[in-house]
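Report on the following structure.
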Amino acid sequence: IPVDLFDLVIFGGTGDLARRKILPGLFRRFCAGQMPAEARIIGAARSELDTKGYREMVREAIAEFGGEQACGDEHLEKFLGQLEYVTIDARGDQGWKELQQLVVGTDRVEAYYFSVAPSLFGDIAERLQKWGMADDEARIVVEKPFGRDLATARSLNKTLATYFNEDQIYRIDHYLGKETVQNLMAVRFGNMLFEPLWNSQYVDHIQITVAETVGVGGRGEYYDKSGAMRDMVQNHLMQLLCLIAMEPPAQFAPDAVRDEKLKVIRALEAVAPYHIVRGQYQAEPCNESENPGYRTAVENPRSRTESFIALRTEISNWRWAGTPFYLRTGKRMAARSSEITVVFKDTPHSIFGDEAGRHRNVLSIRLQPNEGITLGVTIKEPGPGGMRLIDVPLDMSFAETLDPDHVDHVDAYERLIMDVIRGNQTLFMRGDEVEAAWAWTDPIIEGWEARNDVPKPYDHGSEGPTDATELLRREGREWRKVK
Ligand code: BG6
């Protein structure tokens, strides 16, 4: 179903995110018939390009980043025909009048994507207002990082609030746009089976792992100032934690969902230093030039920034008190794998005696790749050997179970941009949520900075530093293998 007619202005329209994600994503939506034929995408950036040059740049971006297979050349030409370009100075006057002439006075949905450094948010917002583009109907989209601590996030929120109402601000966390992340809510709240068991009485602990095989690549400068805590935990892992732990919202509606997420974040316990393990990846042996270690990659031989973090926290509320939540994320790990694992408690009594062995139900929700759900159940080991118990997986891989049309994924960015046009904020972070997440994150970071903590080295392609294994082992638990 096509969305309403829109003009989408992309500030930073020649940048990396626009070329890799936003524009190829929009093309795929175009191919799917979701983008109206009269809708316009207006790139706005510093580069001295004209519309023709911009269209060529986008053609190349689509060829390079995978949008092209979506549909044929004819469609591509039509799509490119819907693009415009304005050379703009975010801190000056150049280009603003031209932009104004393009977008003001139409009765289209107007959306402005700030795909630029946060230091420019204020300048752009101010100019949008000055040139009459910040009316009550306009929507703005802002990217992470939304600040680097509570103070900067507050100040960004304050700046944006000068020009826009909260219901006009769409803060992207692309994890919320992932199909399987939304599926988390469907699994929890669309089934009777899980919810009665979803609490500290039945759940022993929960693990959230987002492991990556990539290193910091060409983003060393940004990454070395952020680290895994700011880059991944404060946002993506926090969102996953919220969705897995929140109370059922009354409706799947923006504030109903965001209110519940906020309560989870506010109930998170402070994390003790001995519940945190930070690591830095080492070079790949015998292939150092291609896969250097973290410090070489970021060109900072004394860097103390973490490319891996594992931590244990708890949620102080009625449902979860006493249940550990273990979070872990890192680069250059053994496999690309994002998984949430709910480990249930032992049965209260084994009627088969201790020799049969004790087993636990484990529900594992695999977010990427190979999305699916596995429920480990205990059965009798087949054969005449008496009553011995074993675990078997009840396995559902979405790709195998569902019609391929249903697993032909809509990329997170595509979905989220279409939600902006539809005016649906459910999958976007509210200002107070982001601030609460920083309020929990800040003391953790301040703590290790004050201790001069040095991250532990870990092998390329591993599960992270051995201390991370110990974090669970000393509590009689084990991480699920990264595979
Ligand atoms: C980004 C982080 O937000 O998410 C990157 O800045 C990370 O460091 C990326 O690699 C992971 O996203 P995905 O969709 O590949 O899991």
Practice item. Starting from the Cα coordinates of the chain, work out the convex hull volume and express it per residue in Å³. Key: 172
Practice item. Take the Cα radius of gyration of region 405-483 and divide it by 2.2 N^0.38 Å, with N its residue count; two decimals is plenty. Key: 1.69
Exercise for review: Measure of size requested: the Rg and Dmax of region 186-233, with Cα atoms as the atom set and Å as the unit; please supply both.
Suggested key: 17.6, 47
Check your understanding: Check Tyr281: other-chain or 5+ apart residues with amide H under 5 Å from its amide H, H built from backbone geometry?
Key -> Tyr294, Ser307, Tyr458
Practice item. May I ask you to evaluate 6.51 cos²θ - 1.76 cosθ + 1.60, the Karplus curve with θ = phi - 60°, for each residue of region 259-276 and list the ³J(HN,Hα) values in order in whole Hz, giving x for glycine and proline? Key: 4, 5, 5, 4, 4, 5, 4, 5, 8, 5, 7, 4, 9, 6, x, 6, 9, 10
Revision key, fill the gap. Protection proxy (average C-beta count within 10 Å per residue), highest first, orders 213-222, 464-473 as 464-473, 213-222
Check your understanding: Once all Cα-Cα distances of region 340-483 are split into 10 Å bins that start at 0, what whole-number percent is in each one?
Key -> 8, 19, 28, 27, 14, 4, 0
Review point. In Å and whole numbers, how far do the C-alpha atoms of region 162-201 stretch along each principal axis, longest first?
Key: 46, 22, 16
Review point. Residues with amide H under 5 Å of Val377's amide H, sequence separation 5 or more or different chain, H placed in the peptide plane at 1.01 Å from N; which?
Key: Val392, Leu394
Review point. Taking θ as phi - 60°, what are the ³J(HN,Hα) couplings along region 222-230 by the Karplus curve (6.51, -1.76, 1.60), each to the nearest whole Hz, with x for Gly and Pro?
Key: 5, 5, 5, 8, 10, x, 4, 5, 6
Review point. Looking at region 76-124, what % of the alpha carbon pairs are farther apart than 11 Å?
Key: 76
**Study point:** region 6-143 - percent relative contact order, Cα under 8 Å, separation 6 or more
**Key:** 31
Exercise for review: Could you name the lysines whose alpha carbon sits less than 27 Å from that of Lys97, not counting residues in the same chain fewer than 8 places away?
Suggested key: Lys52, Lys78, Lys130, Lys158
Exercise for review: Can you bin region 113-182 into rounded, prolate or oblate? Criterion: square roots of the alpha carbon gyration tensor eigenvalues sorted a ≥ b ≥ c, rounded for a/c under 1.5, prolate for a/b above b/c, oblate for the rest.
Suggested key: oblate
Revision key, fill the gap. In whole Hz, the Karplus estimates of ³J(HN,Hα) for region 188-194 (6.51, -1.76, 1.60; θ = phi - 60°; x where Gly or Pro) are 5, 9, x, 10, 7, 4, 8
**Study point:** P(r) histogram, all alpha-carbon pairs of region 6-143 included - 5 Å bins from 0, percent
**Key:** 2, 10, 22, 24, 20, 13, 6, 2, 0
Study note, to complete from the structure: Taking the chain and a Cβ-Cβ threshold of 4.7 Å, the cysteines left without a partner are Cys242, Cys286
Review point. How would you classify region 222-352 from its alpha-carbon gyration tensor, with a ≥ b ≥ c the square roots of the eigenvalues: rounded for a/c under 1.5, else prolate if a/b is greater than b/c, otherwise oblate?
Key: prolate
Review point. Binned at 5 Å from 0, what are the whole-percent values of the Cα-Cα distance distribution for region 15-84, short to long?
Key: 3, 18, 33, 28, 14, 4, 0
Study note, to complete from the structure: Everything considered on the Cα gyration tensor (a ≥ b ≥ c; rounded for a/c under 1.5, else prolate if a/b is larger than b/c, else oblate), region 120-272 must be described as oblate
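Each reported figure results from applying straightforward, stated rules to the coordinates on display, with no laboratory input. Note that the coordinates shown come from a computational prediction; the quantities given were computed from them, not determined experimentally. In this analysis, Cβ positions are derived from the backbone assuming ideal geometry, glycine residues included, and neighbour counts consider all displayed protein chains.
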